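Report on one structure; see the data block that follows.
The values are calculated or read from the model by the stated rules, or taken from the named source; none is laboratory data. The shown structure was predicted, so the numbers you read here are calculated from the model rather than taken from an experiment. Every residue, glycine as well, gets a Cβ built from its backbone with ideal geometry; the counts of neighbours run over all protein chains shown.
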Amino acid sequence: MQLSELISKTGSWLTGKGPEADIVISSRIRLARNLEGRKFLYQASDSEKADVERFLYGKLENIPLPGNGNYFRLDELETLDRLLLVERHLISKEHASGSGARGVLVSANEGTSIMINEEDHLRIQVLHPGLQLEQTWLEMNDLDSSIEERVNYAFSPKFGYLTCCPTNVGTGMRASVMLHLPALVMTKQITKVFESVSKIGLAVRGLYGEGTYASGDFYQISNQLTLGKTEMAIVENIGSVVPQIVRYERTVRETLMSQSKALLEDRVWRAYGLLKNARVISSEETLDLLSAVRLGVNLEMINRLDIGQVNALFILTQPAHLQKIFKKKLDTSSRDLARADFIRGKLSGNGVK
């Protein structure tokens, strides 16, 4: 599969068909792992990094993945191609902007990606649509065991899995759930969520993880501690909190529908109208407007779109995707023109095609 083929579809985690998918976009498990007897990457020379990349690619090339896998060597890709992988949540920004030999193995459905030489020798990620943390962990556990049959991990009986960053030592696991919370943002109740989850050791991040802000009213809830807790304990902790946030968002949506329906409808349809008719539109404005449209679809105000179609637009309107779609490099102003043109085309007729 070529990178250009990615823009013709979206990953399975964006289908909008999982449990609580009106509010929960996806569930993710990510593991950090290092090889026994190899230097951590911050100590390794370029030649040692290259040796790790060759070794791991050889071991993982034929590992079973959904629909088989495709491997991309990031040091051989153009900047735009690496950004495309970031926008699809297949690699991190740090992996894209890194140096030296590094790559990513991606399953055909984009639900699994295995990063080589990111911060650690391995960063393994599994994504599922909706609220499916336990199932995501079970799939990850099987994958991790399959990898461990092929390589030896750096492990301490006292501390657990050894990682470059001390905050990942132990299980090496980050579990996260991405939520769409427009009603809580509109009513300024989102601060209460932040305060509540921080008290129980959870972190709130933006659309693209650590260091990003909550574009389009998307928030990632994840664990901060990896040491001293089992994987299932981490999953259960997040799994007990997220349903409460979902109920809170749903309750506020119902309140808005009963007490401020006209204002809510006006917000949704203004957003839809702007997206359908704008001639110039920025990435940030697009995310905000799509957030309102997504809310309108979930509240059955807009019946000409489905959630999977709206979810796809969040990704396809990002800078690298637009340049791939239009097959040329575009500066910011040109992208804003192209984005508006692309969205108008997608929203014309009976919905997103």
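For the reader, a short list of remarks on this structure follows.
- Residue satisfying condition, being over 26 Å from Leu299 (Cβ atoms) and modelled with pLDDT under 95, within set Gly209, Gly216: Gly209
- Test for Lys49: is it surrounded by 15 or more Cβ atoms within 10 Å (Cβ to Cβ) and under 25 Å from Leu162 (Cβ atoms): yes
- Scan of segment 136-170 for residues that are among the aromatic types (Phe, Trp, Tyr), surrounded by fewer than 19 Cβ atoms within 10 Å (Cβ to Cβ) and modelled with pLDDT of 95 or more, ordered by number: Tyr153, Phe155
- Looking only at segment 233-256, residues that are surrounded by 15 or more Cβ atoms within 10 Å (Cβ to Cβ) and farther than 15 Å from Leu181 by Cα come to 6 in all.
- Evaluation of Glu195 against the conditions (1) crowded, with 17+ Cβ neighbours inside 10 Å; (2) modelled with pLDDT under 95 shows that the sole unmet condition is (1).
- Segment 315-336, residues that are outside any helix (DSSP H, G or I) and surrounded by fewer than 19 Cβ atoms within 10 Å (Cβ to Cβ): Lys327, Lys328, Lys329, Leu330, Asp331
- Some residue of segment 217-227 being at positive phi and buried (at least 17 other Cβ atoms within 10 Å of the Cβ): yes
- Restricting segment 274-298 to residues that are β-branched (Val, Ile, Thr) and more than 14 Å from Leu337 (Cβ to Cβ), the residue that is surrounded by the fewest Cβ atoms within 10 Å (Cβ to Cβ): Val297
- Conditions (1) more than 26 Å from the chain's Cα centre (by Cα); (2) surrounded by 14 or more Cβ atoms within 10 Å (Cβ to Cβ); number of the one not met by Arg339: (1)
- Residue in segment 260-296 that is nearest to the chain's Cα centre (by Cα), counting only those that are over 25 Å from Val24 (Cβ atoms) and of a type in the set (S, T, N, Q): Ser282
- Hits in segment 155-188 (condition: of a type in the set (S, T, N, Q) and either farther than 19 Å from Trp137 by Cβ or part of a loop (DSSP other than H, G, I, E, B) (or both)): Ser156, Thr163, Thr167, Thr171, Thr187
- Residue in segment 67-79 that is touching a helix residue (DSSP H, G or I) at 6+ places or on another chain (Cβ under 6 Å) and either among the aliphatic types (A, V, I, L, M) or modelled with pLDDT under 95 (or both) present: yes
- Counting only strands (runs of 3 or more DSSP E) that sit completely within segment 93-143, those holding 1 or more residues that are among the small types (Gly, Ala, Ser), in the same structural domain as Thr15 (by TED's automatic domain parsing) and without any contact (Cβ under 8 Å) to a residue 60 or more places away in the chain correspond to 103-107, 112-116.
- Test: residue in segment 28-44 that is of a type in the set (Ser, Thr, Tyr) and either outside any loop (DSSP other than H, G, I, E, B) or more than 27 Å from Thr226 (Cβ to Cβ) (or both): no
- Flag for Thr163 being out of contact with any strand residue (DSSP E or B) (no Cβ under 9 Å at 6 or more places or on another chain) and among the β-branched types (Val, Ile, Thr): no
- Filter result for Ala312 (surrounded by fewer than 21 Cβ atoms within 10 Å (Cβ to Cβ), of a type in the set (A, V, I, L, M), out of contact with any Phe, Trp or Tyr (no Cβ under 7 Å at 6 or more places or on another chain) and part of a helix (DSSP H, G or I)): yes
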